[in-house]
1. Under the 0.36 nm per residue contour assumption, what length would be gained going from the current alpha-carbon distance of Thr82 and Trp62 to full extension?
2. List the extent of the Cα atoms of the stretch 39-121 along each of their three principal axes, largest first, rounded to whole Å.
3. Once fully extended, how much extra length lies between Tyr72 and Met114, figured as 0.36 nm per residue of separation less the alpha-carbon to alpha-carbon distance?
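Laboratory data are not the source of any read-out in this text; all were calculated from the coordinates shown. In this text the structure is predicted, and so the values were computed from the model without any measurement.
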Amino acid sequence: MESSFNLIYFHVLLPTFLWCKAVHEKVKGQIKDVDTAQVKEVPLFWCGMAESVQVMGTFDGWSQGEHLSPDYDGSFTRFSTTLMLRPGRYEIKFLVDGEWHLSPEFPTVGEGLMKNNLLIME
């Protein structure tokens with residue numbers, strides 16, 4: 001009796017389990033698509049004489065930042081990179097040859113040592 005009960009239980013629940021799993025996978029894929037759709041490319045640049053330029057900021061918790069690639073143009077160098085960001089407010093600062101710099105291209109927030117550029121993604 002117990003064996004036939006388990007078999008019936010299995011035949012009833014297996015289709016439900018498989019359906020739930022399929023729905024879960026579909027929803028998981030849709031959530032991933034929405035997350036990806038919200039991420040936008042944000043081009044950043046720094047112009048001037050320098051050996052290395054990095055942008056640091058709240059976009060990664062001030063941890064690693066992003067190196068900018070140089071493009072030499074005779075009189076100056078244009079460093080650039082592209083960040084992939086979701087909508088929000090980000091504070092950034094440029095690390096140019098080991099020294100912190102603000103860009104005149106972006107608004108600023110904060111004061112003194114806590115002054116940073118503000119990058120707003122909509």
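1. On the way: separation 20, 0.36 × 20 = 7.20 nm, distance 1.67 nm.
Working it through step by step, the gained length comes to 5.5 nm.
2. The Cα atoms of the stretch 39-121 stretch 36, 31, 22 Å along the principal axes, largest first.
3. Values: separation 42, 0.36 × 42 = 15.12 nm, distance 3.13 nm.
Once the chain is fully extended between Tyr72 and Met114, it gains 12.0 nm.
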